[in-house]
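Structure first, commentary second.
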Amino acid sequence: MTLKLGERKDKEVKSTISTNRKAEPKQDSHVFEVSDLNLWYGSDQALHKINMGIPEKRVTAIIGPSGCGKSTYLKALNRMVEMIPVVKTSGSIKYREKDIYDGKFLVEDLRAKVGMVFQKPNPFPKSVYDNVAYGPRVHGIKKKALLDEIVEKSLKDAAIWDELKDRLNENAYGLSGGQQQRVCIARALAVEPDVILMDEPTSALDPISTLKVEELVQELKKKYSIVIVTHNMQQAARISDKTAFFLNGELIEFAETDELFQNPKDRRTEDYITGRFG
Ligand SMILES: Nc1ncnc2c1ncn2[C@@H]1O[C@H](COP(=O)(O)OP(=O)(O)OP(=O)(O)O)[C@@H](O)[C@H]1O
């Protein structure tokens, strides 16, 4: 089902992007607390004074037009953005009340807790088993029985065990794109993260694989806190509990998903979700 944005009147569009859920505002506890975050690539400022808490065990979607800073924000949360040498930041990001830029917080420890799944499935050119066992091995787990257990559990949690249990020794490159993406999710789960960041995880997938990943996200939020960047507003409405709308590097609105789509508070959010721009 494709939204023909810009072709409908506001009211119709707002009711079209329906989440089939009743708004259940909760008092969230937060895994991340982001305060006054500014980020520059050289002299170009990509994020402006972002203040945003990421709720625990819920799905937070980030939407907004191309270039508005969604991926930059996501990669700031696990300090991946620092891999680009010209990046400078100010403000603070706290993960479970610890400042992630505090010298005492090792980046490896942060990334073990905050896993990431990318737009394009990126398995290693290794067997399914070795892909999933990779992280635990890096963390020093050598016992075969324990690795077997972790691989099975991670593939089960990624809803792909039944499909792959007899193909564990096959190269992951030989799998379909949708299977590769779920193996990548299993790889992220194998190190027992707390938060999973997903950067447009279904944009390279066919509709059936997309549906499987969306269903999986619903399961995963029982155990993990999830932040997902998506270009697809229908997807944000379907799978997220809270939605943040970014524009030109600013956080314009952050609300319960039903609220944001049905009753946006900011004119710019309304313009975007009704297809007037973007
Ligand atoms: N490595 C980089 N070097 C310099 N500028 C960058 C870099 N990566 C992103 N930017 C700039 O930062 C801004 C935000 O980019 P970002 O990729 O975060 O946006 P986005 O909302 O995720 O976009 P899209 O939806 O197209 O993926 C853009 O102006 C972009 O050109």
* Structure fact -> Once residue 148 and residue 176 are pulled to full extension, the length gained, defined as 0.36 nm per residue separation minus their Cα-Cα distance, is 7.8 nm
* To do: Could you list the residues of segment 85-101 with an amide nitrogen less than 20 Å from a label point located 7 Å from the Cα of residue 40 in the Cα-to-C-beta direction?
  => 85-93, 101
* To do: Assuming a ≥ b ≥ c are the square roots of the Cα gyration tensor eigenvalues, decide whether segment 34-106 counts as rounded (a/c under 1.5), prolate (otherwise, with a/b larger than b/c) or oblate.
  => oblate
* Structure fact -> Across 131, 263, 38, the residue with the highest GNM fluctuation in the chain (Cα network, 10 Å cutoff) is 263
* To do: Treating the Cα atoms of the chain as identical point scatterers in vacuum, please give the log10 of the normalised Debye intensity I(q)/I(0) at q = 0.08, 0.09, 0.12, 0.17 Å⁻¹, two decimals.
  => -0.34, -0.43, -0.76, -1.39
* Please give the helix 207-220 orientation as an angle from the longest Cα principal axis of the chain, in degrees from 0 to 90, rounded to the nearest 10. => 80 degrees
* To do: Name the aspartates and glutamates eligible as straight-distance cross-link partners of residue 265: C-alpha to C-alpha under 19 Å, and not fewer than 8 places from it in the same chain.
  => 10, 12, 24, 241, 250, 253, 256
* **Surrounding net charge for residue 75, when Lys and Arg each add one and Asp and Glu each subtract one, Cβ distance under 12 Å** => +1
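Let's see if you can work this out: charge +1 on each Lys and Arg Cβ, -1 on each Asp and Glu Cβ, no other charges. What is the dipole magnitude of the chain about its Cα centre, in debye to the nearest 20?
Approximately 160 debye in magnitude.
Quick check on segment 69-145: take the gyration tensor over C-alpha atoms, sort the square-rooted eigenvalues as a ≥ b ≥ c, and tell me if it's rounded (a/c under 1.5), prolate or oblate.
Details: a/c = 2.78, a/b = 1.60, b/c = 1.74.
Taking the square roots of the gyration eigenvalues as a ≥ b ≥ c, segment 69-145 is oblate.
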* To do: Bin width 10 Å, alpha-carbon pairs only: give the P(r) of segment 116-176 as whole percents, running from 0 to the bin holding the largest distance.
  => 22, 57, 20, 0
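For residue 49 and residue 134, FRET efficiency with R0 = 35 Å and r from the beta-carbon atoms, rounded to 0.05?
Values: r = 38 Å, r/R0 = 1.08.
Plugging the Cβ-Cβ distance into 1/(1 + (r/R0)^6) gives 0.40.
Rank-order 230-242, 139-151 by packing density, defined as the average count of other C-beta atoms within 10 Å over each peptide's residues, highest first. Write out the running numbers ahead of the final one.
Working: 230-242: 22.2, 139-151: 12.8.
The peptides rank, most packed first, as 230-242, 139-151.
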* Within the set of other residues whose C-beta is less than 15 Å from the C-beta of residue 161, count the net charge using Lys and Arg as +1 and Asp and Glu as -1. => -3
* Would you mind telling me which residue in 62, 84, 54 has the biggest mean-square fluctuation in a Gaussian network model of the chain, where springs connect alpha carbons within a distance under 10 angstrom? => 84
* Asked: Sorting 82, 97 on the 10 Å Cβ count, fewest up front, what's the list?
  -> 97, 82
* To do: Any chance you could run the full-extension gain for residue 109 through residue 208? It's 0.36 nm times the residue separation minus the Cα-Cα distance, nm to one decimal.
  => 32.2 nm
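What does the convex hull of the Cα atoms of segment 65-218 come to per residue, in Å³, rounded to a whole number? If you can, show how the numbers build up before the last one.
Details: hull volume 21.1 nm³, N = 154.
Roughly 137 Å³ of hull volume per residue.
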* Extension gain from residue 223 to residue 250, taking 0.36 nm per residue of separation minus the Cα-Cα distance -> 6.8 nm
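Just to confirm a number: summing +1 for Lys and Arg and -1 for Asp and Glu over residues other than residue 54 whose beta-carbon lies under 10 angstrom from that of residue 54, what do you get? It would help to have the intermediate numbers written out before the result.
Working: positive: 58, 242; negative: 28, 33, 56.
In short, -1.
Throughout, read-outs are computed from the coordinates displayed, never taken from laboratory work. Note that this is a predicted model, so its numbers are computed, not measured. In this analysis, Cβ positions are derived from the backbone assuming ideal geometry, glycine residues included, and neighbour counts consider all displayed protein chains.
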